[in-house]
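There's a structure below that I have some questions on.
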Amino acid sequence: MIKNLLKLVSVLVVASLSLSARAQLVVDITSGIDDPTPIAVAPFAFTGTGVLSEDVSDIISADLRRSGLFAPVPKEDMLSFPKAPDEVIFRDWRILGTEYVVTGRIEPQASGYLLTFDLVNIFGRQTMFTKQVSGGSRQLRDIAHRAADEIYEAITGIRGAFSTEMIYVQEERRGGRPSYSLVRSDIDGARPKVIRRFSEPVMSPMWSPDGQEVAYVSFETGRPAIFRENLRTGARQQLTNFKGINSSPTWSPDGSKLAMVLSKDGNPEIYVLDLRSGKFTRLTRHFSIDTEPNWMPDGKSLVFTSDRGGKPQIYQLTLATGQVDRLTFDGDYNARPRVSPDGKTLVMVHRSRGVFTIATMDIVSGRMRVLTETRLDESPSIAPNGAMLMYATKRGDKGILAAVSLDAGVKYRLPSRSGDVREPAWSPYFD
Amino acid sequence: MFKSVKTGLGLACVLAVMAGCSSTDTDDTAQQQMVEQPTEPVVDTAPEPETAVPLDNVVYFDFDESLLKPETRELLIAHADRLRDSAQNVRLEGHADELGTREYNLALGERRANAVRDFLVLQGVDAASLEVISYGEERPAVPGSNESARAQNRRVVIVK
């Protein structure tokens with residue numbers, strides 16, 4: 001398995017016409033696993049002239065630390081700064097207890113940079129890989145996240161999600177009047193860009209499975225309406241304008257349909273819109289509230305929230321038969337389900353003893369586990385590798401975003417410097 | 001937008017809220033109402049109803065409830081009396097507090113506004129003149145994570 005791979009991973013140029021959002025999110029790690037793997041990302045050599053605008057090795061260290069699975073060695077504790085595997089003095093790193101060392105070299109290219117980096121196993125005295133990532137002149141952060149993805153996967157066996165992004169809702173008050181934005185940023189909160197500003201509320205952003213579009217609910221027409229917007233071109237389309245609620249858009253796994261909630265029949269029901277034909281199909285028929293649909297990864301059924309049993313609980317609707325089965329039984333409030341990429345776990349908002357937290361449930365066994373211990377936790381959104389989820393919570397009266405691993409071992413917060421942030425939507429992989 | 005809203009009476013409602021409430025958050029509620037008024041001038045010159053005293057226009061609810069409280073009955077009957085013979089269109093804006101999920105609260109806000117609509121219709125108001133809009137928890141009247149704020153956010157606002 002240990003061979004010197006030389007793989008060129010090129011980072012796509014993402015042309016962004018968006019405005020830069022003023023609020024940067026700053027990561028604040030609150031807990032990690034008990035025994036994280038010590039790894040040293042030695043400062044990378046730069047063969048060009050001048051100074052790079054980003055510290056690529058620092059970004060990789062921060063990514064690995066945020067996963068909770070790694071304990072990056074601080075630069076000041078390193079005895080040497082090897083630039084390639086043949087400069088790694090194994091004995092020194094062993095004494096430090098470092099299990100892995102990453103070395104790297106950045107070269108300028110015609111229109112950007114090329115990073116060559118190596119992962120060295122100290123105790124096995126082996127170079128696990130040498131890889132390359134290239135990107136444009138403004139893509140040093142992308143290059144770093146791609147490298148972190150490769151390192152994470154080589155050590156854990158799980159695909160890295162550091163190159164993914166998120167979309168969230170930001171509310172700011174200027175002169176007493178609220179204004180709302182849909183903001184897109186790297187998953188570490190860096191490089192926030194406003195997708196669109198609104199003077200009326202906006203909610204429920206949801207990425208399309210190909211990562212090219214976002215669906216959301218906007219009140220700009222005076223009532224809630226569902227829109228889809230192309231993230232690259234900014235072109236958008238209003239999909240619904242029914243009387244009553246038009247909410248909770250969620251793309252089918254193949255991207256051809258959008259499940260949603262419409263109350264045009266008198267109370268909220270789940271519908272599916274075929275995006276090619278424009279045809280709406282009603283899925284639920286019940287006088288209760290049916291809302292917050294989310295597709296199972298196989299596209300054959302949906303989970304949703306309903307209070308048909310008296311209190312909000314999560315149900316599963318099988319499309320072929322129309323059969324509805326209740327999934328949650330613990331607690332008197334379980335809502336807004338999201339399904340893990342492997343289809344085995346639900347995450348949801350769960351109330352116990354009056355406190356709203358994020359919980360997971362194994363779908364087969366029904367076993368529930370509370371992941372968070374803050375009070376007003378909502379809107380969980382799972383990473384495409386299923387390792388972590390992002391959610392919204394309150395700190396004081398301020399809305400912030402936080403993340404927790406699905407095994408609850410790792411937690412971090414991303415407080416916003418300005419305004420309230422909420423409803424994080426974790427992107428899919430972009431390739 | 002809801003074109004036939006009469007700005008004049010809407011402002012009267014705002015004044016009613018400002019004058020009629022004794023709680024400390026009155027100004028916040030009033031500002032919220034003003035924000036909801038359309039800014040474009042009213043073109044038609046429909047006569048104002050001859051209402052002597054403007055009515056309070058907010059009805060409050062218990063947590064996770066959409067049942068009308070007994071004490072709101074009198075106010076809603078007074079609204080119905082004025083709306084019954086007028087051709088006025090009315091927006092019933094349902095709201096929820098911050099507890100619970102956002103989409104579920106959108107549904108809860110609609111349920112509350114529907115409860116007000118159904119009561120007014122039973123009192124003889126033309127259903128076609130009433131439009132229900134839910135904002136869920138997206139437009140709190142009072143910011144803050146405490147029970148006093150939440151109680152004031154679980155509401156239906158009657159916007160004329």
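Where the centroid of each part is defined by its Cα atoms, how far is the stretch B:133-148 from the stretch A:260-303 in Å?
What the calculation gives is 27 Å, centre to centre.
For the stretch A:165-426, compute the number of Lys pairs whose alpha carbons are separated by less than 21 Å, excluding pairs fewer than 8 positions apart on the same chain.
Pairs that pass both the separation and distance tests number 10.
Once a ≥ b ≥ c are taken as the square roots of the eigenvalues of the Cα gyration tensor of the stretch A:165-426, is the result rounded (a/c under 1.5), prolate (a/b larger than b/c) or oblate (a/b not larger than b/c)? Display every interim value, and only then the final one.
Values: a/c = 1.44, a/b = 1.06, b/c = 1.35.
Rounded is the answer for the stretch A:165-426, as its axis ratio a/c remains below 1.5.
Distance in nm between label sites at residue A:407 and residue A:34, each 7 Å beyond Cα in the beta-carbon direction?
According to this spin-label approximation, the distance is 1.2 nm.
Find the relative contact order for chain A and round it to a whole percent, using C-alpha pairs within less than 8 Å whose residues are 6+ positions apart.
Details: 1113 pairs, mean separation 58.2, N = 431.
14 percent.
May I ask you to order B:82-90, A:233-241 by the average number of other C-beta atoms within 10 Å around their residues, highest value first?
Details: B:82-90: 16.6, A:233-241: 13.8.
In decreasing order of mean packing, B:82-90, A:233-241 become B:82-90, A:233-241.
Using the alpha-carbon atoms, what tilt in degrees (0 to 90, nearest 10) does helix A:56-66 show relative to the longest principal axis of chain A?
Relative to chain A, helix A:56-66 is tipped by roughly 50 degrees.
Relative contact order for the stretch A:47-148: what is it in percent, counting Cα pairs under 8 Å that are at least 6 residues apart?
On the way: 141 pairs, mean separation 28.4, N = 102.
Taking the mean separation of contacting Cα pairs over the length of the stretch A:47-148, I get 28 percent.
Can you report the principal axis dimensions of the stretch A:34-155 using only the alpha carbons, biggest first, rounded to whole angstrom?
On the principal axes, the stretch A:34-155 reaches 40, 28, 25 Å in Cα extent.
Related question: Roughly how compact is the protein assembly as shown, stated as its Cα Rg over 2.2 N^0.38 Å to two decimals? Present the calculation step by step, with values, prior to reporting the outcome.
Working: Rg = 26.9 Å, N = 591, 2.2 N^0.38 = 24.9 Å.
For the protein assembly as shown, the normalised Cα radius of gyration comes out at 1.08.
Name the residues whose placed amide hydrogens come within less than 5 Å of the amide hydrogen of residue A:69, ignoring near sequence neighbours (fewer than 5 apart) on the same chain.
The list, which skips near neighbours in sequence, is empty: none.
Now a separate question. What is the sum of charges, Lys and Arg at +1 and Asp and Glu at -1, for the other residues whose Cβ falls under 9 Å from the Cβ of residue A:222?
Details: positive: A:223, B:91; negative: A:200, A:220.
Net charge in that neighbourhood comes out at 0.
How would you rank B:111-119, A:369-377, highest first, on the average number of other Cβ atoms within 10 Å across their residues? The partial results should precede the final answer.
Working: B:111-119: 22.2, A:369-377: 17.1.
Ranked from most to least packed, the peptides come out as B:111-119, A:369-377.
If you take each beta carbon of peptide A:242-252 and count the beta carbons of other chains within 10 angstrom, what is the mean? Could the numbers behind the result be given before it?
On the way: counts 0, 3, 9, 10, 1, 8, 6, 0, 0, 0, 0.
Neighbouring Cβ atoms belonging to other protein chains average 3 per residue here.
What does the highest-first list of B:94-103, A:260-269, A:276-285, A:349-358 look like by mean Cβ count within 10 Å? Intermediate values should be presented prior to the final figure.
Working: B:94-103: 26.0, A:260-269: 21.7, A:276-285: 12.6, A:349-358: 19.0.
Listed from highest to lowest mean packing, they are B:94-103, A:260-269, A:349-358, A:276-285.
Quick one: Karplus J couplings for the stretch A:152-164, per residue in order, coefficients 6.51, -1.76, 1.60, θ = phi - 60°, nearest Hz, x for Gly and Pro?
Once θ is set to phi - 60°, the couplings for the stretch A:152-164 become 4, 5, 5, 8, 9, x, 10, 4, x, 10, 6, 8, 7 Hz.
Related question: Would you tell me the mean number of C-beta atoms belonging to other protein chains that fall within 10 Å of each C-beta in B:128-135, as a whole number?
Numbers: counts 0, 0, 0, 4, 5, 7, 8, 6.
Mean shielding by partner chains, rounded to a whole number: 4.
Around residue A:363, what is the net charge, scoring Lys/Arg as +1 and Asp/Glu as -1 over all other residues with Cβ under 15 Å from its Cβ?
Numbers: positive: A:300, A:326, A:338, A:344, A:367, A:369; negative: A:298, A:325, A:330, A:342, A:362.
After counting each charged neighbour, the total is +1.
When Cβ neighbours within 10 Å are restricted to other protein chains, what is their mean count per residue of peptide A:193-206?
Numbers: counts 0, 0, 0, 0, 0, 0, 1, 5, 6, 1, 7, 3, 0, 0.
So the per-residue partner count for this stretch is 2.
Readers should treat all values here as calculations from the given coordinates under stated rules, not as data from a laboratory. Note that this is a predicted model, so its numbers are computed, not measured. Note: ideal-geometry Cβ built from the backbone for every residue, glycine included; neighbour counts use all protein chains shown.
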